[in-house]
Amino acid sequence: MKNRITFRFWGVRGSIPCPGPDTVRVGGNTACIELRFGEENRLVIIDAGSGLRALGDFIMRNDLPKGPVNTDILISHTHWDHIMGFPFFAPIYLKSTNLRIYGPVSYEEERLEEVIGGQLRYRYFPVRQDELSAHIEYHELKEASFELGDGIFVTTKYLNHPILCLGYRLEYKGRVFCTAYDTEPFRNVFPTDPSDPGYDESAAREGALAAEEENEKLVRFLQDADVLVYDTQYTREEYEASKTGWGHSTFEYAMQTADRAGVKKLYFFHHDPLRTDSQLEALAQKYCCGDGAETFSKINIAREGVMFEV
């Protein structure tokens, strides 16, 4: 455990929580990942979806008896499914808690504190943000590299989503953990059909080059990661039929990207709320082991509650 990163998924779904008998094996909460670093068991959390509530209860039972809660939350973006668990995160109601929240903001002039803490208003919730007992700091991020302390280094990368969204690369003593969600492949936004009235040969060529360059930047960002958690909300068929431009990726593209980047282990993540456990497991079997399976084989479905080690 001295140089290891351990991680556990507390929320794996996209868009909206979907509890029920069809999601009980994989999980129905929205995005939340717990990471622990080294012998110090340093805690870092990625995203504050509905899974954050159960993680907070776990922290109260297991971490608080050992001392005050002192942790960081990295927010990929501020869509509601990635922040909705924050008001239910029990440690924010303790005076002894020290919490640092990092994330991007791109909506008008509101600060990160206003977007996340704004959920705690009487119109939505019985407790207001200024009534919280914890000491909370907010840090607004762009593309950058910085140290969280204890030898944990973080690099951020802009992703392709309808709101400003960041992927995270965490490096610790030679081990690398990456996230890339919510995102879809960058694509040429200019008409490429010469018969299209808006076609411009130069614009079409430049658009194709720009999309290729952005996709290549993401591959470099993920290079040689030990673990990659990637957006796989859709199959390629679903994406091409009606989901282009929605800000999410496919199983096939995630595997191709991971393969190109030399990733050691890929986790399918941000599962479509309409997809049952059985459907997810069938897709994983198809992509990992079935006839015509892709070359990238070290694949797992992100499941709630299971602890993994890097």
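Bear in mind that the values in this text are calculations on the coordinates, not laboratory data. Because the structure is predicted, anything quoted here is derived from the model rather than measured. Ideal geometry is used to build each Cβ from the backbone, glycine not excepted, and the neighbour counts take in all protein chains shown.
Summary value for region 5-307: 17 percent relative contact order, contacts being C-alpha pairs under 8 angstrom separated by 6+ residues.
Mind checking the angle between helix 52-62 and the chain's longest principal axis? C-alpha axes, 0 to 90 degrees, to the nearest 10. It works out to around 40 degrees.
Here the residues Phe86, Phe125, Phe269, ranked from fewest to most Cβ neighbours within 10 Å of their Cβ, fall in the order Phe125, Phe86, Phe269.
Placing unit charges on the Cβ atoms only, positive for Lys and Arg and negative for Asp and Glu, gives region 5-307 a dipole magnitude near 1240 debye about its Cα centre. Report, to the nearest 10°, how far helix 277-288 tilts away from the longest principal axis of the Cα atoms in the chain, using its own Cα long axis and a range of 0 to 90°. Taking the Cα atoms of the chain, the angle to 277-288 is about 50 degrees.
Sorting Ser195, Ser106, Ser15 from the fewest to the most surrounding beta carbons within 10 angstrom yields Ser195, Ser106, Ser15. Looking at the chain alone, DSSP beta bridges between its own residues are antiparallel in about 50 percent of cases.
Per-residue 3J(HN,Hα) values for region 238-248, derived from phi via the Karplus relation 6.51 cos²θ - 1.76 cosθ + 1.60 with θ = phi - 60°, read 5, 4, 6, 6, 7, 10, 4, x, 7, x, 10 Hz in sequence order (x marks Gly and Pro).
Proximity of backbone amide H atoms, modeled 1.01 Å from N, is registered between Ile73 and Ile45, Arg100, Ile101, Tyr102 at under 5 Å, excluding neighbours fewer than 5 places apart on the same chain.
In order along region 67-82, the Karplus-derived 3J(HN,Hα) couplings, from 6.51 cos²θ - 1.76 cosθ + 1.60 at θ = phi - 60°, round to x, x, 6, 9, 8, 10, 10, 9, 9, 5, 6, 9, 4, 4, 5, 9 Hz, and Gly and Pro are given as x.
For Ala54, what is the net charge nearby, where nearby means another residue's Cβ is under 15 Å from its Cβ and Lys, Arg count +1, Asp, Glu -1? Cβ neighbours under 15 Å give a net charge of 0. Applying Stokes-Einstein at 20 °C and 1.002 mPa s to the Kirkwood radius of the chain, computed over alpha-carbon pairs, gives a translational diffusion coefficient of 106 µm² s⁻¹. Give, as a single signed number, the net charge of other residues whose beta carbon lies under 10 Å from the beta carbon of Phe37, with Lys and Arg counted +1 and Asp and Glu -1. Net of charged neighbours comes to +2. What angle, in degrees between 0 and 90 and rounded to the nearest 10, separates the Cα long axis of helix 201-221 from the longest principal axis of the Cα atoms of the chain? In the chain, helix 201-221 runs at an angle near 40 degrees to the longest axis. One chain, two ends: Glu40 and Gln285. Fully extended at 0.36 nm per residue, the span grows by 84.5 nm beyond their Cα-Cα distance. For Cys178, Cys288, the sequence from fewest to most other C-beta atoms within 10 Å is Cys288, Cys178. For region 21-37, 3J(HN,Hα) computed residue by residue from phi via the Karplus equation (6.51, -1.76, 1.60; θ = phi - 60°) reads x, 8, 10, 6, 6, 8, x, x, 7, 8, 3, 6, 10, 9, 10, 10, 10 Hz, glycine and proline entered as x.
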